[in-house]
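Only one structure is covered here, and it is reproduced in the block below.
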Amino acid sequence: MVAQREVGLDTKGFLSAMRAAMRQDPDVILVGELRDVETITTALMAAVATGVYLAWALPARNSYLAAHPGAGQEQLIAHAYPAAMTALTLFACFCAIFLILLIVPPSDWWSGGAPVVRGDWRMVGVVAFLFVFLAVVLAVPLFRTLFEITALPVWQYVVLCALAFVWSQLCLLVWKWRLLDRWLGSAEDPGNVCAKGAAPKPT
């Protein structure tokens, strides 16, 4: 089944359409245009998140089927896939935490292509608090049960956090270096403030 959304008719923009599509467990997402940093960031996150889920789900599925031959889809969902869902959830949480530094950049590096650097280091404290809070949730069995999170080895938490950091830096470099502006034609987009700010002034 194919579900198509048209900007202006079915959705307000590409970003809201991407967010809605990711909540509907799609097999394939096809984006017609990538014309702003928000849509590009969301598309990159969807692509990396799919890879994260498969990296955890496929080994768990094969291991469970080896121990329980003939297991059906319901057994796989109940016993093999919770770890993959936890990995995907934690990856999204880590990405969201790092995204705070992109939205309110504390330094020039985190500013990406934004013409204004706020230099508000309080956001670093917010990010640190969120990481500590997430660590507490993962460490306390009651909280894991409350949030329906499956316990993972510590090294897997580190890997997921590292992947989220790599994702944030990839988005940052794409934004900072305007790698996609010319290819996508977004440099001439009136809404692309970053491209307009970096464009040479007419003499």
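Every read-out reported here was derived from the displayed coordinates using simple, explicitly stated rules and does not represent laboratory data. Here the structure is a predicted model, which means the values were calculated and not measured. Cβ placement follows ideal geometry from the backbone for every residue including glycine, while neighbour counts extend to all protein chains displayed.
Residue 120 versus residue 154, label points 7 Å from Cα toward the beta carbon: distance in nm?
Inter-label distance under the simple model: 3.5 nm.
If you take the beta carbon distance between residue 29 and residue 77 as r and set R0 to 25 Å, what does 1/(1 + (r/R0)^6) give as a FRET efficiency, to the nearest 0.05?
After rounding, the FRET efficiency stands at 0.70.
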